[in-house]
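Throughout, read-outs are computed from the coordinates displayed, never taken from laboratory work. Model, not experiment: these values are computed from the prediction. Neighbour counts run over all protein chains shown; Cβ positions are idealised from the backbone, glycine included.
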Amino acid sequence: MSTGAPPETARPEAAGRPAAARRRARRPGGRPLLYTSYAQDMALLDTRAKKIWFYGIVLAALLASQVLVDDMLSLLAMAYVVAIGAIGLNIVTGYAGQVSLGHAFFLAIGAYTGAAISGDPDGRVLGLGVTSILVWLPAAGLAAALAGVIVAPLATRLRGLYLAIVTLGLVFLGEHIFKEWDQLTGGPGVGRPAAVVELFGLRLDRPGPLGSKEQQLYLLMLVLLVVFAVAARNLARSRIGRGFAAIRDRDIAAEVIGVPLTRYKLLAFAISSFYAGCAGALLYTVTGFFDPGSFNLLMSVQFIAMVLIGGVATISGSIAGALFITLLPRLTRELPALVPVISADTTQTPNVFQVETVLYGLLIVLFLVFEPRGLFGVWIRVRNYWKSWPFSY
Amino acid sequence: MKALLESLIRGLGNGSVYALLALGFVIVYKATRVISFAQPSFMIGGAVAVSYLAEVTGFYLAMVLAALLVAAVALGIERVAIRPMVGRPVFVVAIITLGIDVVVRVVVNGFIGLDVRQVGDPWGLSLVEIGGLAVQQRWLAMLAAAALLVGLLFAFFRYTRYGLAMRAAALDQETALAQGVSVGTVFALSWAFAGGLAAIAGTFVGTGQGVDQLTWIIALKALPAIIVGGLDSLGGAVAGGLIVGVVESLVQSYQSDLAPWLGQNFAIVTPYVVMLLVLLVRPYGLFGTREVERV
């Protein structure tokens with residue numbers, strides 16, 4: 001991408017210029033890859049195509065809230081929240097290269113913090129009654145980030161698969177704690193109400209000025225996803241993001257060139273857990289209720305699947321992967337109509353749930369074997385094909 | 001005292017099953033540097049195969065056949081999904097095994113159905129009196145089987161041609177290749193061993209209470225065992241398995257009296273607690289070799 005960019009040192013006056021002047025450094029028409037300033041080279045949307053796609057997709061997603069049926073909207077809202085969690089996992093696993101199978105644990109911490117802060121103080125389960133999302137969402141994120149910071153010292157001592165197994169142990173320990181602590185979680189099989197979504201005195205989980213309950217939640221999740229995704233993208237191109245990449249590629253080499261290993265691994269876990277915590281707190285606001293049994297190994301594996309199917313170390317890939325995995329059950333539910341062998345009844349033997357689980361597994365294997373860059377890689381291939389069309393090289 | 005000894009024997013019995021599973025993990029790890037998360041599916045697959053075969057051939061023959069069957073399946077999976085990934089990052093291969101596990105388990109669950117399947121073992125829950133202790137026969141059977149298999153395995157690695165090849169490949173793949181060892185065969189053998197061991201372990205897990213769709217979780221307790229013992233140590237795997245089994249059994253016996261605040265069924269998660277404690281002290285397990293770090 002940066003082929004046409006002159007090195008910054010060649011134009012020392014560019015750095016000192018005010019922002020308004022820098023913005024005027026336009027690239028000549030018909031030369032989309034020629035950068036004439038450092039700011040252009042580092043821009044998040046560095047080509048016109050990216051700009052068009054980004055604003056186009058956001059606009060389409062906004063319009064979708066008016067077009068789609070409520071049922072579909074709540075599914076998409078869920079997918080957006082899951083995407084926030086997937087971005088979180090991608091930060092620690094994709095960018096910083098620390099394999100974590102414990103993502104479900106951090107989601108659980110966020111979910112229970114959010115639900116406890118906003119819960120009914122007189123209810124059956126613990127609740128503080130502070131319903132403003134501006135309070136409980138950051139609190140949920142911070143609580144999970146704190147847990148991440150506590151876990152991180154292990155990560156600085158362990159590498160690779162040792163770390164994967166330890167984080168897997170974390171999921172089991174968390175599951176036990178949440179099942180036993182029924183004052184907070186309601187206990188297994190019973191569950192508790194999720195966080196109450198209230199913004200500036202407006203309850204978003206009831207029909208309001210922005211439309212039905214589903215439309216409001218959809219819009220909220222969309223806005224939050226954009227905020228979180230842009231923030232993550234911004235992080236990835238910063239000094240910290242480059243530090244993460246260096247650690248992923250070779251941690252000792254990174255230390256040698258001056259990346260403080262301990263602090264950066266800690267930071268990676270903290271940020272990733274923050275994302276997970278926020279996603280956890282939001283995840284069940286759509287359905288309204290959740291059970292301590294849901295934060296199990298399968299959830300962690302699903303998040304890993306999203307990151308791998310979407311594309312390791314890409315934000316757009318995380319979102320694509322999250323949408324894909326969340327919408328997959330909806331697609332498989334249509335299967336019995338098409339393939340009569342597959343039954344919609346859970347007691348029959350090839351049933352939709354089995355097909356769905358097999359698909360998770362198979363997709364992980366197939367993507368890793370044939371397209372390691374995931375959906376993002378597929379997109380790159382398609383893009384390059386049309387870019388060089390009609391030449392195939 | 002009597003209760004303590006009984007609890008210890010139960011722990012050793014369960015621990016020897018964990019040890020068999022852990023050996024499978026370690027054998028694959030030593031050959032390919034990958035932790036195979038597919039072990040739970042092989043374990044449950046073996047148990048289910050026995051539950052079907054035992055009606056026809058009797059329990060013991062069924063166990064051998066199931067071990068061979070699962071070993072063959074593992075061999076096939078290695079060839080199709082793992083071999084093409086040689087040279088790719090270990091994390092990627094580990095995640096592939098996770099995917100394989102999910103797929104195989106769904107298929108096996110189809111054979112289990114919604115009920116508990118009995119493996120048709122001759123022991124059931126019946127007890128035997130040894131020196132005043134009431135001990136379940138199956139714990140003793142597990143211990144005996146594990147001792148026999150571990151002995152055979154160590155003899156295999158020590159005295160046979162292929163055992164030597166596997167040790168050589170574990171030490172240094174390229175040098176082994178240069179000496180004429182077929183590393184591909186070593187990979188295949190290691191997966192077959194892991195599958196067979198897991199199948200036998202699964203059969204023993206199924207003795208007494210049978211297998212259902214949730215039994216696979218037991219296989220994951222071998223992960224703390226290998227971490228405690230050290231990822232690349234066969235002896236460590238056995239020791240780790242036994243340690244995890246004994247600690248779990250003791251906690252199961254005494255935790256409800258001594259520390260009720262830990263909650264019911266705390267024993268299920270004790271392997272992970274043990275693992276965390278050991279890792280805080282020794283990041284490479286009790287018997288594992290410390291990784292030499294080079295840029």
Share of Cα-Cα pairs in the protein assembly as shown lying beyond 37 Å, as whole percent: 43
Can you work out the FRET efficiency for the pair A:MET42 and B:MET1, with r the C-beta to C-beta distance and R0 = 41 Å, to the nearest 0.05? 0.05
For chain B, built as a Gaussian network whose Cα springs stay under 10 Å, the top-fluctuating residue of B:MET43, B:MET85, B:MET142: B:MET85
Could you tell me the distance between the Cα centroids of region B:224-266 and region A:67-109, to the nearest Å? 33
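For chain A, what is the charge dipole size about the Cα centre, in debye to the nearest 20, if Lys and Arg each add +1 at the Cβ and Asp and Glu each add -1 at the Cβ?
Working: 33 positive and 22 negative charges, 427 e Å.
With Lys and Arg at +1 and Asp and Glu at -1, about 2060 debye.
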Projected onto the charge dipole of region B:2-219 (unit charges on the beta-carbon of Lys, Arg, Asp and Glu, signs +1, +1, -1, -1), the Cα from B:ALA169, B:VAL28, B:ASN109 with the largest positive-side position is that of B:ALA169
Just to be sure I understand the rule: take each whole DSSP H helix in chain B, project its Cα atoms onto its long axis, keep it if the span is 24 Å or more and its mean Kyte-Doolittle hydropathy is at least -0.5. Which ones pass? B:2-32, B:39-57, B:59-77, B:90-112, B:137-159, B:183-206, B:234-258
Extending each Cα 7 Å along its Cβ direction at B:SER256 and B:LEU171, get the distance between those two points in nm, one decimal. 5.2
Per its Cα gyration tensor (rounded if a/c is under 1.5, else prolate when a/b beats b/c, else oblate), region B:175-285 is best filed as oblate
Helix A:48-67: inclination vs chain A longest Cα principal axis, degrees, rounded to 10, gives 30
Count the net charge of all other residues whose Cβ sits under 11 Å from the Cβ of A:ARG157, scoring Lys and Arg as +1 and Asp and Glu as -1. +3
What is the log10 of I(q)/I(0) for region A:70-387, computed with the Debye formula using one identical point scatterer on each Cα and no solvent, at q = 0.07, 0.08, 0.13 Å⁻¹? -0.28, -0.36, -0.97
Counting trypsin sites (Lys or Arg not before Pro) as exposed when in a DSSP loop with at most 13 other beta carbons within 10 Å, what is the longest stretch of chain B free of them? B:1-289
Relative to the first principal axis of the alpha-carbon coordinates of chain A, what is the inclination of helix A:133-157, with its axis defined by its Cα atoms, in degrees from 0 to 90 and to the nearest 10? 80
How far is it, in nm, from the label point at A:VAL149 to the one at A:LEU298 when both lie 7 Å from their Cα along the line to the Cβ? 3.5
Determine, from the Cβ-Cβ distance of A:ARG333 and A:LEU68 and an R0 of 22 Å, the FRET efficiency 1/(1 + (r/R0)^6), rounded to the nearest 0.05. 0.80
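Under 8 Å for C-alpha pairs, at least 6 residues apart: give me the relative contact order for chain B, rounded to a whole percent.
Averaging sequence separation for qualifying contacts and normalising by length gives 34 percent for chain B.
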Under the Karplus curve 6.51 cos²θ - 1.76 cosθ + 1.60, θ = phi - 60°, whole-Hz ³J(HN,Hα) for region A:211-219, x wherever Gly or Pro sits: x, 6, 4, 5, 4, 5, 5, 4, 5
What's the average, rounded to a whole number, of partner chain beta-carbon atoms within 10 Å of each residue's beta-carbon in A:156-164? 6
First measure r as the distance between the Cβ atoms of A:VAL230 and B:ALA72, then evaluate 1/(1 + (r/R0)^6) with R0 = 56 Å and state the FRET efficiency to the nearest 0.05. 0.65
Could you compute the longest span of chain A free of trypsin sites (Lys or Arg not before Pro) located in DSSP loops and having at most 14 other Cβ atoms within 10 Å, not counting the site residues? A:251-393
Report, in debye and to the nearest 20, how large the dipole of the protein assembly as shown comes out about its Cα centre when Lys and Arg carry +1 and Asp and Glu carry -1 on their Cβ. 2900
Can you tell me the 0 to 90 degree angle between the C-alpha axis of helix A:315-333 and the longest principal axis of chain A, rounded to 10? 40
If amide hydrogens are placed 1.01 Å from N in the peptide plane, which non-local residues have theirs closer than 5 Å to the one on A:ASN351? A:SER343
Length-normalised contact order of chain A, Cα under 8 Å, at least 6 apart, in percent, tallies to 24
Mind listing the long-range amide H neighbours of B:GLY210? Cut-off is under 5 Å, sequence gap 5 or more, other chains count too, H placed in the peptide plane at 1.01 Å from N. B:VAL119
Shielding by partners for B:99-112, please: the mean number of other protein chain Cβ atoms within 10 Å of each residue's Cβ. 5
What shape does region A:60-203 take by its C-alpha gyration tensor, where a ≥ b ≥ c are the square roots of the eigenvalues and a/c under 1.5 counts as rounded, a/b above b/c as prolate, and the rest as oblate? oblate
Spelling it out for B:VAL128: with amide H atoms placed in the peptide plane at 1.01 Å from N, the residues 5 or more places away or on another chain with amide H under 5 Å from its amide H are B:VAL135, B:GLN136, B:GLN137
In chain B, how does Rg compare with the Kirkwood Rh, expressed as the Rg/Rh ratio over alpha carbon atoms? 0.97
